[in-house]
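The numbers here are math on the coordinates, done by the rules we state, and not lab data. Note that the structure is a prediction, hence the values are computed from the model and not measured. No Cβ is skipped: glycine too gets one built from the backbone with ideal geometry, and neighbour counts run over all protein chains shown.
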Amino acid sequence: MKELLTKNIAEFISMDVEQTVKLCDHWFDQDYIGIIDSLTDQNDLAFNFLNTVLNLKEADIIKEYEN
């Protein structure tokens, strides 16, 4: 599954970026940078993915920062 996701990550992000973030949480142990790195030639998708990660994880980020 991990190989399938990596190979087609741009298509997954284009279809449903929130579900792609959730898939990455499960299959890539939250390795968001690895996903961004695989989108080096697709800046719009990389930005959309990162923006969605930040929006979905905002509470966790704040909590970790405060600790």
Selection from the range 30-44 of residues that are hydrophobic (A, V, I, L, M, F, W, C) and more than 24 Å from Asp60 (Cα to Cα)
Leu39
Considering residues that are acidic (Asp, Glu) and over 19 Å from Leu23 (Cβ atoms), the number found within the range 34-57 is 2
Just checking, how many residues over the range 1-45 are among the aliphatic types (A, V, I, L, M) and either surrounded by fewer than 16 Cβ atoms within 10 Å (Cβ to Cβ) or in contact with a strand residue (DSSP E or B) (Cβ under 7 Å, 6 or more places away or on another chain) (or both)?
4
Scan the range 4-29 for residues that are within 22 Å of Asp60 (Cα to Cα), out of contact with any Ser or Thr (no Cβ under 8 Å at 6 or more places or on another chain) and of a type in the set (A, V, I, L, M) and report the count.
1
Which residue pairs have Cβ atoms under 8 Å apart, sit 6 or more places apart or on different chains, and have a first residue in the range 32-52 that is without any contact (Cβ under 8 Å) to a residue 12 or more places away in the chain and a second that is surrounded by 11 or more Cβ atoms within 10 Å (Cβ to Cβ) and in a helix (DSSP H, G or I)?
Thr40/Ala46; Ala46/Ile36
Counting only residues that are in a loop (DSSP other than H, G, I, E, B), under 13 Å from Val53 (Cβ atoms) and hydrophobic (A, V, I, L, M, F, W, C), how many does the range 1-38 have?
1
Could you pull out the residue among Asn55, Asn48 that is surrounded by fewer than 16 Cβ atoms within 10 Å (Cβ to Cβ), assigned to a helix (DSSP H, G or I) and of a type in the set (S, T, N, Q)?
Asn55
